[in-house]
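Okay, so here's the structure we're looking at.
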Amino acid sequence: MRTGSVSNEITLNVPDTAGGPGPPLNLRGTFLNGTLTLAWDAPATGTPAGYLATASVSTAGGPEQTVSSGVLPPNTALSVSGLPAGTYRITLRAVRADGTAGASSNLVTIVVP
């Protein structure tokens with residue numbers, strides 16, 4: 001038989017399974033010597049299995065197009081060369097292993113001459 005005070009208080013830790021990791025932080029980009037380079041900081045919450053990049057691209061004489069990458073590795077940098085001239089507006093989303101994506105990062109705009 002137990003003796004002592006009785007409490008109706010319990011603590012329950014439930015993992016977040018509804019959404020993806022937090023947004024990637026401090027997305028920044030440069031274009032130098034023909035290479036577009038993006039860098040960012042990992043989300044403050046959650047551990048991403050990878051990232052999705054989305055870019056709206058405006059090229060001379062053409063309509064704006066939106067393109068998305070497949071799931072990128074969980075690195076915090078990406079370099080791409082061979083891009084056509086245009087203005088690129090890019091965001092990232094962190095993705096869990098089950099494919100659930102979190103909120104978007106800040107937007108960066110990079111001009112490729």
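Of the strands (runs of 3 or more DSSP E) entirely within the stretch 37-113, those holding at least 2 residues that are surrounded by 14 or more Cβ atoms within 10 Å (Cβ to Cβ) occupy 50-58, 77-81, 86-95, 101-104, 108-112. Could you check the stretch 10-35 and list, in sequence order, the residues that are open to solvent by 40 Å² or more (accessible area, probe 1.4 Å), at pLDDT 65 or above and in a loop (DSSP other than H, G, I, E, B)? Listed by number, the residues that qualify are Pro23, Asn33. Can you list residue pairs whose Cβ atoms sit under 6 Å apart, with the first residue in the stretch 25-51 being touching a residue at least 60 places away in the same chain (Cβ under 8 Å) and under 18 Å from Val108 (Cβ atoms) and the second being open to solvent by 20 Å² or more (accessible area, probe 1.4 Å) and assigned to a loop (DSSP other than H, G, I, E, B)? Count only pairs 6 or more apart in sequence or on different chains. Correct list of pairs: Leu27/Asn106; Leu36/Leu83; Trp40/Thr76.
The values are calculated or read from the model by the stated rules, or taken from the named source; none is laboratory data. Computed from a prediction, not measured in an experiment: that's the story for all the values here. Ideal geometry is used to build each Cβ from the backbone, glycine not excepted, and the neighbour counts take in all protein chains shown. Just the protein is used for accessible areas: all its heavy atoms, side chains included, with ligands, DNA and RNA removed. Shrake-Rupley method; radii C 1.70, N 1.55, O 1.52, S 1.80 Å.
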